[in-house]
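One structure is given below, encoded as structure tokens.
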Amino acid sequence: MTPARRTAGLSRRHFALALPSALLASGCAAPHQGIGRPGDPIVLTLLSHYASGELKEALQGPVNEWNATHDLVKVRTKAVEFTDLLTTLMVRQAAGQGADIVHPYCLWNGQLVRAGVLRPAPPEHAEEITRGYGKAAVGSASVGGKVYGYPTEVQTYALYYNKRLLREAGVDGPPRTWRELEETAYRTTRRDQYGNTLVQGFGLSTYDDSTTVGQTLALLNAAGGTFVSTDGRTTAIDSPAGRAVFDLEHHLVAKGASAPGVNVYQAFPSGQVAMVVSAGWWTTSLKTLMGKAYRDVGVAPVPVPEAHGKRATLSTGFMLGVNAACRHPREAWEFLRWLNTDRVGVKGATATRMSALQVSVGSLTGRADDMRTLLGRGGDPNLRPFLDALAYAVPEPNVPGAQQAKSLLRKNIEALWTGQQSVDEALRTTRRQVDQEVSHSW
Amino acid sequence: MVNATLAPETTERAAHDDPAVGIRGRDRHRRRQVAVAYLFLAPTLLFFAVFLVLPLGFALLLSMSRWSGFALGDIDPVGLDNFTGLFADGSTFLAPILTNTLLFALGTVALALAGSVLVATCIDKLRFQGLWRTLYFLPIVTTVVAVGNVWKYMYEPGGLVNGVLNALGLGSVAFLADPDTALPSVVVVQAWASVGSAILVLTAGLKSVPESYYEAAALDGAGPVTVFFRITLPLLRPSLLFVCVTQFLTGLQSFALISVMTKGGPGDATNVAALEMYRQAFSYGDWGTASAAAFVLFMVVLVVTLAQLWFFRRKGEDA
């Protein structure tokens, strides 16, 4: 064997030993593992759906501020589109790569708690959340009475209306009761000779689960009903309130005031829908899409069945919680407290960093005091009804199986709208299917 | 210094002297060859093990378990409960979901096959055949999302299709919003999108039909219809079998187009097995039901494919 060959052999052996060592070392230093070498800062990962544009920048601002002012704990954000959020959460968790801090849609909270993904908030944080946020926001972030995170954006539902279309139909203002809603819808509806809808009086849309179900649940809550029972184990939609909502929607579709096949998110900005129930996030999009025509847009509380009826509507939301598999929960909760509770100066007033973040992107948090402070200073008046609704909104049910229950409700609403089912059949089928699936999830 | 190329000769000479040594040597040589063959096959076998056998085994395990998809330690065996649940009273899996799946696949195959035979026969008689084939193949290279969205706009009440109907004095049709027309409307799009690949296969099949058959038919005075049904179609059978089987498989498993165009609605009017499986697993966290549905769909695909092969073999076509 020549010396040269011996050198080559040694080199290969060294390489063979060095490669696994290097891989092992780099694996140990991976961000999700937290501390690498002694003295290194803890690195917490945060998975959210703030994946692009102003949302991404809005979250990155406070995270950069934290990283610049905290030497021992750093936060690294990871973002995916909302449509991929649950899948990403699931896959990463199963692979043992779950993020330390997660930002789920509250609808999934029951499913995540049941799967052991979410860690309950420590008592001092739970107390802070219960004290600082509105009832609907706390309800969204809780499962079985236990708080699991800091509510972030909260969406309440209200009635968007086109002032110009109402004016042209001789209607003075937005409807306050369901009777007024129907009358306004019929008066504003216009069709051409071929049956094409030129103007929908009241927009009901099969666009997606959230649109279809959100509209219906907002009306259901306004009628004093709820989708699931108090204990979360059965559906409560087969009730007088549920029947009233299904009847109302059935009438509107049957009489041509609603055309569910039309994409309401395109039709309303184009002036082809007079009224529609939707969430507060839409105002920002409408401003961008409609330009000067946005001045025709008004927002009012969701009409109630009878005059002087108690107001109610639907609220949905997201929250920031800590993964049960997080190795540094204390640090993670501390970061969340700093982000969601500490007050900073914003435009001459004080508010939490999260409140400032959400308002900067045209959204709301469940902190009504912050919202009043921030929106009271030259904000869009159309956001006010959504802010007022924080006081009386009903949180979207988030029991285990809530996502499936929502999909089943959508299917049955669509079957009602398209005449596949009568009101009775739709109520009965929804109750049977949802009860079966929700009980399966428990 | 020993020349390595002489080594086998030495072995052969020794084997010539002693038959037992020769047999042992040949065995050793064969074993070495087998080992080398497996060594070369190892990457492929490993690939199949990791990406086929392992997921298949895992899916089989999940089909008989309850699992939310978050922690591997939470897999809870439930026997055949997931399968019985799929066919239980009130379940929507058999009807309308599985029925829709079969209708979707059947409709797609029928339309795509008829369309592609017609177009391929026409193209075969035209100049610039490459250009025509490319034009018809374009939908294949376009993303499903783009195709689905464009057709969705065309089907809308103020869209192109209704515009044409209105121009003809007919009323508008809510193609995707009406449960009676939603599935056929999506079938048309799927058939349109898949006709290109079928045309490619069929034009290649048409090229392989000997010209002498057509000349003989012309001498006998056969008309174009007789030539098509007595010569072209029977000799296209191998290509038709291929198109039929592959299109049916694609149709039974596809869900992307439906997801883009209708999301399975209105109600369950266009819901198909693959879309339901995706929802059960990734949206509802019910991996057991999703995996059980996957195995049921697998059985359906197997039965349909075997039936097609049997049918064509009965007609004398070798699969």
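When segment B:41-71 is filtered for residues that are of a type outside the set (A, V, I, L, M, F, W, C) and out of contact with any Ser or Thr (no Cβ under 7 Å at 6 or more places or on another chain), the ones remaining, listed by number, are B:P43, B:T44, B:P55, B:G57, B:S65, B:R66, B:S68, B:G69.
Among the residues of segment A:408-442, those identified as more than 9 Å from every other protein chain (Cβ to nearest Cβ) and among the small types (G, A, S) are A:S422, A:A426, A:S439.
Counting only helices (runs of 4 or more DSSP H) that sit wholly inside segment A:125-189, those with at least 2 residues that are of a type in the set (S, T, N, Q) are A:178-188.
Okay, residues lined up against (1) over 14 Å from B:P157 (Cβ atoms); (2) out of contact with any Phe, Trp or Tyr (no Cβ under 9 Å at 6 or more places or on another chain):
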position	(1), (2)
A:T216	yes, no
A:S229	yes, yes
A:H251	yes, yes
A:G256	no, no
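Within segment A:264-275, identify whether any single residue is under 24 Å from A:E437 (Cα atoms), surrounded by fewer than 23 Cβ atoms within 10 Å (Cβ to Cβ), out of contact with any helix residue (DSSP H, G or I) (no Cβ under 9 Å at 6 or more places or on another chain) and assigned by TED's automatic domain parsing to the domain that holds A:L198, and answer yes or no. No.
Yes/no matrix, rows are residues, columns are (1) closer than 26 Å to B:S254 by Cα; (2) crowded, with 16+ Cβ neighbours inside 10 Å; (3) of a type in the set (G, A, S); (4) touching a helix residue (DSSP H, G or I) at 6+ places or on another chain (Cβ under 9 Å):
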| residue | (1), (2), (3), (4) |
| --- | --- |
| B:T108 | yes, yes, no, yes |
| B:K152 | yes, yes, no, yes |
| B:G158 | no, yes, yes, no |
| B:A167 | no, no, yes, no |
| B:G171 | no, no, yes, yes |
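Is segment A:278-295 home to any residue that is at pLDDT below 95, surrounded by 24 or more Cβ atoms within 10 Å (Cβ to Cβ) and within 14 Å of chain B (Cβ to nearest Cβ)? No, segment A:278-295 has no match at all. Within segment B:195-207, at least one residue is in the same structural domain as B:L306 (by TED's automatic domain parsing) and more than 23 Å from the chain's Cα centre (by Cα). Among the candidates B:V34, B:V50, the residue that is farther than 30 Å from B:G288 by Cα, out of contact with any strand residue (DSSP E or B) (no Cβ under 9 Å at 6 or more places or on another chain) and either surrounded by 10 or more Cβ atoms within 10 Å (Cβ to Cβ) or at pLDDT below 95 (or both) is uniquely B:V34. Within segment A:397-407, if we keep just the residues that are in a helix (DSSP H, G or I) and facing chain B (nearest Cβ under 9 Å), the residue that is farthest from A:G144 (Cα to Cα) turns out to be A:S407. In segment A:62-80, which residue that is surrounded by 14 or more Cβ atoms within 10 Å (Cβ to Cβ) and not in a strand (DSSP E or B) is nearest to the chain's Cα centre (by Cα)? My answer is A:V80. Considering segment B:164-237, the qualifying helices (runs of 4 or more DSSP H), each wholly inside and each with 1 or more residues that are more than 14 Å from every other protein chain (Cβ to nearest Cβ) and more than 30 Å from B:V141 (Cβ to Cβ), run over B:211-219, B:224-227. If a residue must be over 19 Å from A:T313 (Cβ atoms) and out of contact with any Gly (no Cβ under 8 Å at 6 or more places or on another chain), how many such residues does segment A:378-402 contain? Number of matching residues: 2.
Could you tell me whether any residue of segment B:238-252 is at pLDDT 90 or above, in a helix (DSSP H, G or I) and either surrounded by fewer than 16 Cβ atoms within 10 Å (Cβ to Cβ) or within 14 Å of chain A (Cβ to nearest Cβ) (or both)? No: zero hits.
The values are calculated or read from the model by the stated rules, or taken from the named source; none is laboratory data. These numbers were taken from a predicted model, which means no experiment stands behind them. Don't worry about glycine lacking a Cβ; one is built from the backbone with ideal geometry, like all the others, and counts go over all protein chains shown.
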